[in-house]
Amino acid sequence: MIVNIPLGGPLDGWPTLRSKPRHMAGHSHSANIAIRKGAQDKKRGKLFGKLSRAIIVAARNGGGDPTSNLALRYALDKARKNSMPKENIERAVKKGTGESGDEQYEEMVYEGYAPGGVAVLCDILTENRNRTAGEVREVFKVHGGNLGSTGCVGYLFTRKGVFVVPAQNVEEDRLFEIVLEAGGDDVQKVGESFEITCEVSLFQQLNEVLEAAKIPTDVAEIQRISSTTVEVDVETGKLVMEFIEALEDLDDIQTVTTNVNLPDELTSA
């Protein structure tokens, strides 16, 4: 979960949206989410810890009122969608506003490469940057990655709101119309789902519109979208997935984003 949500400008209108292809070839925006969720679902308690950190930082930076703090609203929605207990959420908000505890987290980004030359970008919240640095370096070393300098791969990624809607739950034309009216950026059919992207500043608005239209989403996240992708074979893809899972297993890492395009044998498993 990404806490600092930048503002963005208005999007193009109907002609631009309709002119884009409805069937995407190649990389799926939700590929990184799917890899991450697979690892996190096995470690529910660890996931709640990461969600708590995001809430704490959002509340610390912008206050405890989600109506005026967009980052907090997103962090809370994310926590609820992952079935985080209400008391855990309330405790995290209080810690962020200084009502309880004194946890101070620093936001950091690590960049580098996974096996196969795949770009890797890690968003981190930590109270001990030296410990985190050592842990991240060890994972890169053990799993055949290369830790790079700041900016080495960051330019390849742009923050976007991403929604994944099961195709069976909505007609394509209706979804296009709803997304357009809400200012969405793009709608594409990928397998048995529709993938929607939007500017980060419109994420919450589009999320509320989809909920009001009773259109369920498998994924509703702000994530980094890569401008290029790296194709890998099955064996390299397995190494990349193991590498990502090892990074995700670190308490301080919030998200791991790559530009890998995994073979169908791995994504359909």
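If I take R0 = 30 Å and measure r between the Cβ atoms of residue 155 and residue 107 in this structure, what FRET efficiency does the formula 1/(1 + (r/R0)^6) give, to the nearest 0.05?
Working: r = 19 Å, r/R0 = 0.62.
Plugging the Cβ-Cβ distance into 1/(1 + (r/R0)^6) gives 0.95.
Order of 171-183, 50-62 by packing, highest average Cβ count within 10 Å first?
On the way: 171-183: 15.5, 50-62: 23.5.
Output ranking for 171-183, 50-62: 50-62, 171-183.
What order do you get for 241-254, 126-139 when each peptide is scored by the mean count of other beta carbon atoms within 10 Å, highest first? The partial results should precede the final answer.
On the way: 241-254: 20.9, 126-139: 15.4.
Descending packing order for the listed peptides: 241-254, 126-139.
With each label point set 7 Å from Cα along the Cα-Cβ vector, what nm distance links residue 235 and residue 174?
For the pair residue 235/residue 174, the computed spacing is 4.9 nm.
Read-outs: derived from the displayed coordinates by stated rules, not from any lab. Please read all numbers here as calculations on a predicted model, not as lab measurements. Please note: Cβ atoms are built from the backbone with ideal geometry, for glycine as well, and neighbour counts cover all protein chains shown.
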